[in-house]
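K.L.:
A single structure is presented below for examination.
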Amino acid sequence: MKKVFKKEIPDSEFHGKGKNFDESYYKFIIDKNSDGYYEENGVSKVLFKFRKNAITPKYSDIAIKSFLELSKKKHSNRGLAAGIPKGQSNARHTTESGQSEGSYIASNISGYFDRPLREHRGILGTIRACRTTAFTLNNIDLWNEGLRFIQRCSKLYRRWGGSYYTAQEAEYNQIKPQIKIPKTVFTTVTSNYNWRTACHQDAGDYSGGLGNLVVVGENFEGGYLGFPQFKVLIKIKPGDFLLMDVHQWHCNTYIRIKENGYRLSFVFYIREDSKLCKTKKKIGETIYLI
């Protein structure tokens, strides 16, 4: 099924950033194989491409074995996606030590990243420095096992991504081999454990491609992916595969976790500055390309 959607709420009137939207808010419910488009300045663009049961149990099991336990670690660096706390005007607050941080949620990155460790920013004199993530560096056996799952998702992107995949492949080919995920068109994976994202737009990823979203898990309900401006809700469930425009406002519905249940989602992408990282530099045990 193919359908063209329009923004039910124009940009000038949309004030949903950092907020949550429940399932009842949405007008268009997508629960089967569908392609959604929108027009911008007379150009047709992909909003989403949704495929049910594209990830077989074999690959779901690999994802769970490789990433589940490591994805439970909490961090405070997800910005608007973590939501704006009640009584605040933005997603961050100042700690007693004077540092700015957001809410702690179970969201982790693996693969390779184009920003330095905080303690190395001053030494490097730049905010652009590509490195292997701690997730990958410290769990190399699990990472290598998980590559089969990531590579499978890249193949699905190739099947359904069209010109977006072609553009991302060209971007990927400009990146040094040591900072990109082999036999894919990605540098980075974000994994989210039992986390309902608030309304946000992704930042820092390659803008010419599409975000790749996969969900695995069991014994839970909800966590569907919504585009509030378009009032479109995609009922993504374990094993489904979603290509999406991550630069449109998007968020999740409420997640109801049952006994022994969990929801683990993955987003695959290229970090936008990766192709600019060329020269090796070592600080302590950390190896960068800058």
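The values are calculated or read from the model by the stated rules, or taken from the named source; none is laboratory data. These figures come from a predicted structure and were not determined experimentally. Here Cβ is always computed from backbone atoms with ideal geometry, including for glycine, and neighbour counts include all displayed protein chains.
K.L.:
What's the number of the only condition in (1) in contact (Cβ under 8 Å) with a residue 60 or more places away in the chain; (2) at negative phi; (3) touching a Gly at 6+ places or on another chain (Cβ under 9 Å) that residue 194 fails to meet?
P.N.:
Result: residue 194 fails condition (2) only.
K.L.:
Let me ask something additional. Being touching a residue at least 60 places away in the same chain (Cβ under 8 Å) and either in contact with a Leu (Cβ under 9 Å, 6 or more places away or on another chain) or more than 22 Å from residue 157 (Cβ to Cβ) (or both) is true for just one of 52, 74, 17. Which residue is that?
P.N.:
17
K.L.:
Hey, among 241, 268, which residue is under 21 Å from the mean Cα position of the chain (by Cα) and farther than 27 Å from residue 24 by Cα?
P.N.:
Answer to the selection: 268.
K.L.:
Would you check which residues across the range 123-162 are closer than 21 Å to residue 276 by Cβ and buried (at least 19 other Cβ atoms within 10 Å of the Cβ) and list them?
P.N.:
Within the range 123-162, 129, 130, 131, 132, 136 qualify.
K.L.:
Given the structure, is residue 64 out of contact with any helix residue (DSSP H, G or I) (no Cβ under 6 Å at 6 or more places or on another chain), under 23 Å from residue 143 (Cβ atoms) and β-branched (Val, Ile, Thr)?
P.N.:
Yes.
K.L.:
So, in the range 29-43, of the ones that are among the acidic types (Asp, Glu) and not in a loop (DSSP other than H, G, I, E, B), which residue ends up surrounded by the fewest Cβ atoms within 10 Å (Cβ to Cβ)?
P.N.:
By that ranking, first place goes to 40.
K.L.:
Out of all the residues in the range 14-28, is one or more of a type in the set (Asp, Glu), modelled with pLDDT of 95 or more and part of a helix (DSSP H, G or I)?
P.N.:
Yes: the range 14-28 contains one or more residues that are of a type in the set (Asp, Glu), modelled with pLDDT of 95 or more and part of a helix (DSSP H, G or I).
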